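Report on the following structure.
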Amino acid sequence: MQEYRPRPSARARELLEGLLVDYRLRPGDRLPSERSLSEAWGLSRTTLRSAVALMEEDGRLLSRPGSGTFVAPEKYTRNLQGLLSMSQAAAQQGRKVTTRLLELRRTECDKHLARRFNQVLGYPLYKIVRLRSVDGEPLMVETSYIPARRVSGLEDKDLEHNSLFRVLEEDFGILPVQGEEKIGITYATAEEAELMGIETGSPLFWIVSMTYDQTGELMEYCRSAARPDRLRITTAMELRTEEVDGGEA
Amino acid sequence: MRHDEPIGPKSPLYLQLRELIRSKIENGEYLPGTAIPSVGALAETYGIHRLSVRSAISALIGEGLLKSVQGKGIFVVGEKLAQDLETAGGFEQTLKESAQRSETRLLIKAARPAGTLYAGRLGCPPEEPLFYVKRLYLLDGEPLSLEEAYVPQDLVPNLPDVDLNVFTLHQVYAFYGIRLARGEQSLSISRLDAAEARLLDVDPHRGVLTLQCVNYDDSGRAVEFTRTHIRGDKCELNVRFQREV
């Protein structure tokens, strides 16, 4: 069988990523100089530079002109199991979430939302738009919709210093029980770009989540645009395999 | 399902051939994932009628020991084919538009040492020999995703002989009695280099969804590390979650 011979660009990427595995280099550490890496690995400096540039865009490395290339801070990790609020999850990772409330108002279901909530046009909702940052760095813009009849008086709650799910649970007795997320790619609008400090058109995670409460009702429909250089989404999976045959499984 | 009475010289020829093929599978002459000789070749070797060969083979297909693949041949399944019945908690790909025809193109199947990066991912020594498999998935002729898999060689030693256009890696694991039990998945958006962007037919600056998985067997050993680049304009990933009780 043939031995795999990676193209130089793939090899550069693998070797660079290899430096970050097992914390050989930790966030904030400086990479060896481009010249020494290119000599050690037998790769051209151009090849190395384009691999570094790709990893910078992906949020794994940071270049500071004049002082070198550094390992980027660990991304905020959002685990999709467990239903932890963002502030709880961040606390577990030793990080702090801050929230800026951009919009909180009553609105009505349009055709799309009416279908999601299984209601008629005009069904009253609260719309909540929040900019979430981790350790002071903007991470995502979240737009949530919640049935208004379940949370009347929501506008009096402090949603900048309290988690939305905690308010829903403690003040309104609404408990998230199960849900579903769809994750795709979107491209930053001018407004999102300005809020998150990126360029218009940069790729972002597009996360649509639907959370159901203990009564089985859709309690929140949420659309978020998140910076992929600061967010990693993880999940654990269990695989159940079964033999395919005529006998007892 | 086993033969009821012993096969002897007086038994019908198709039954003799059926048991001969069975024993060649059992003693490893015909390896799981590989094709057995064609109907014509078997008929000629043993001097029997093609119809008898066909009956022998269809009996073994019925037992699940062989699998017939249109235009490719008759393949040994060996261990009963396992099928992923259910995955709980993982990402599922949801297509944005329905498609008629899916197709897999094997781009690379090669040997390589783990190296630092994959040793870290799989928890093995850097010199561990791995198989590296790279495949392109297409829907209606358009690229959808590019998958790379890294698998320790000692887990699936005859992988070089297996036709990966016919069997999935998960089926190959089943041939060896490996049961995948759980996986860790991580999703990011990444930029591809020019060559990979061309394979997927995307603009490298637009980014792709990149799903990385380490899958473990029921003893906790890492069986594979996979990295799948998925076109965000064609596909979304879907996860369901539930409050732990």
Please give the strands (runs of 3 or more DSSP E) falling wholly within segment B:147-245 in which 1 or more residues are facing chain A (nearest Cβ under 9 Å).
B:180-190, B:208-217, B:235-242
Could you give every pair whose Cβ atoms fall below 8 Å, whose first residue belongs to segment A:114-141 and is without any contact (Cβ under 8 Å) to a residue 24 or more places away in the chain, and whose second residue is among the hydroxyl-bearing types (Ser, Thr, Tyr) and surrounded by 19 or more Cβ atoms within 10 Å (Cβ to Cβ), counting only separations of at least 6 or pairs across chains?
A:Leu125/A:Tyr145
When you check A:Glu34 against the structure, is it in contact with a helix residue (DSSP H, G or I) (Cβ under 6 Å, 6 or more places away or on another chain), surrounded by 14 or more Cβ atoms within 10 Å (Cβ to Cβ), of a type in the set (Asp, Glu) and outside the structural domain of A:Gln92 (by TED's automatic domain parsing), yes or no?
yes
Could you list, in sequence order, the residues of segment A:145-168 that are under 17 Å from A:Glu217 (Cα atoms) and of a type in the set (D, E, K, R)?
A:Arg149, A:Arg150
Answer with yes or no whether A:Arg7 is of a type outside the set (A, V, I, L, M, F, W, C), more than 19 Å from the chain's Cα centre (by Cα), over 30 Å from B:Asn238 (Cβ atoms) and at pLDDT below 90.
no
Those residues of segment B:189-219 that are within 30 Å of A:Ser85 (Cα to Cα) and without any contact (Cβ under 8 Å) to a residue 24 or more places away in the chain come to a total of 2
Scan segment A:58-71 and give yes if some residue there is surrounded by fewer than 17 Cβ atoms within 10 Å (Cβ to Cβ), outside any strand (DSSP E or B) and among the charged types (D, E, K, R), otherwise no.
no
Residue check, A:Met210 against (1) surrounded by 19 or more Cβ atoms within 10 Å (Cβ to Cβ); (2) part of a strand (DSSP E or B); (3) in contact with a helix residue (DSSP H, G or I) (Cβ under 8 Å, 6 or more places away or on another chain), all met but one. Which one?
(1)
For segment A:1-39, enumerate the residues that are more than 9 Å from chain B (Cβ to nearest Cβ), at positive phi and in a helix (DSSP H, G or I).
A:Tyr23
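The values are calculated or read from the model by the stated rules, or taken from the named source; none is laboratory data. Keep in mind that this is a model prediction, so the values were computed, not measured. All Cβ positions, even for glycine, are placed from backbone atoms using ideal geometry, and neighbour counts span all protein chains on display.
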